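Below is a structure I'd like to ask you about.
The values are calculated or read from the model by the stated rules, or taken from the named source; none is laboratory data. Values in this document were obtained by computation on a predicted structure and should not be read as measured data. Here the Cβ positions follow ideal geometry from the backbone for every residue, glycine too, while neighbour counts run over all protein chains shown. Note: areas computed on protein heavy atoms with side chains; ligands, DNA, RNA excluded. Shrake-Rupley method; radii C 1.70, N 1.55, O 1.52, S 1.80 Å.
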Amino acid sequence: FFFFNDTATTEIYTEQIVGSVRCVQETDATQYKFHDLLSLDDWALEMIPRPAKAVVFLYPITEVQEQFRDKEEEELVANPQQVSDKVFFMRQYAQNACGTIGVIHALGNIFSEQQTLFQQDSFLRNFVENNKGKTPEEIGKLLKKDKKLEEAHKEAVDKGETEVEDDVNTHFICLVQQDGNIYELDGTKKVPVNHGPTTPETFLEDCTRVIRQFMERDPNEIRFTTLV
């Protein structure tokens with residue numbers, strides 16, 4: 001969904017992400033599915049089918065997270081990172097659309113290696129292919145204006161069981177792998193964040209390193225959810 005309930009349990013967050021998938025349901029569901037990551041410990045990682053292709057992570061918007069975000073943005077402006085041109089990234093301009101954009105980021109980056117991921121003439125296939133070469137800002141504005149996605153979103157909301165709320169203080173981001181690196185894709189940031197090397201075999205374990213950084217900044221918070 002575009003809207004999220006920050007007091008919900010992991011199961012409800014999963015339902016909301018599934019709602020986002022339903023909103024843009026253009027995938028071969030037999031190939032890729034979301035799974036709850038119940039813990040960052042080894043026993044939970046072992047329960048996730050491999051290879052993992054993307055991680056959608058939810059964290060609370062707090063003062064400490066926002067302070068880090070501002071500092072990080074200053075550093076990235078002063079010292080730009082190397083970002084693969086294969087990374088599909090878009091800005092977020094629609095209010096509370098972070099879950100849907102997280103799903104599109106996940107699927108859009110899988111598409112670069114799996115051309116049969118989307119149905120022919122589907123919304124997502126056309127959206128990804130037609131926006132190649134455009135800036136993240138241009139892509140984000142086009143998504144916000146897309147009437148087909150707006151209609152699909154309304155349908156997904158109607159089918160869901162979670163109460164829709166406008167007052168949201170949690171945020172979804174997506175972690176993907178491209179050209180041997182982990183990228184944090186957050187539509188409210190100006191650029192992807194390169195979190196360093198990874199491999200297809202170690203991607204999920206490497207993502208937990210990034211996730212732990214968010215959690216360690218807010219040790220008293222419990223509103224973290226991870227889907228793979």
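Determine the pairs where a residue that is in a loop (DSSP other than H, G, I, E, B), located within segment 130-145, has a partner that is surrounded by 12 or more Cβ atoms within 10 Å (Cβ to Cβ) and among the acidic types (Asp, Glu) with Cβ atoms under 8 Å apart, the partner being 6 or more residues away or on another chain.
As it stands, the answer is ASN131/GLU138, since those pairs meet every condition given.
Between a residue in segment 202-219 that is farther than 18 Å from THR62 by Cα and open to solvent by 50 Å² or more (accessible area, probe 1.4 Å) and any residue that is in a helix (DSSP H, G or I) and among the hydrophobic types (A, V, I, L, M, F, W, C), which pairs come within a Cβ distance under 9 Å, given they are 6 or more apart or on different chains?
Matching pairs, first to second residue: GLU205/LEU45.
This table checks each residue for (1) at negative phi; (2) at pLDDT 50 or above; (3) buried (at least 17 other Cβ atoms within 10 Å of the Cβ).
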residue: THR10; (1), (2), (3): yes, no, no
residue: THR30; (1), (2), (3): yes, yes, no
residue: TRP43; (1), (2), (3): yes, yes, no
residue: GLU46; (1), (2), (3): yes, yes, no
residue: ARG50; (1), (2), (3): yes, yes, no
residue: PHE57; (1), (2), (3): yes, yes, yes
residue: THR62; (1), (2), (3): yes, yes, no
residue: GLU66; (1), (2), (3): yes, yes, no
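On to the next question. Of everything in segment 83-122, what is part of a loop (DSSP other than H, G, I, E, B) and under 14 Å from LEU185 (Cα atoms)? Give them in sequence order.
VAL83, SER84, ASP85, LYS86, VAL87, PHE88, PHE89, MET90, ARG91, GLN92, ALA97, listed by residue number.
Taking segment 182-228 on its own, how many of its residues are β-branched (Val, Ile, Thr), closer than 16 Å to VAL64 by Cα and not in a helix (DSSP H, G or I)?
Summing the residues that are β-branched (Val, Ile, Thr), closer than 16 Å to VAL64 by Cα and not in a helix (DSSP H, G or I) in segment 182-228 gives 1.
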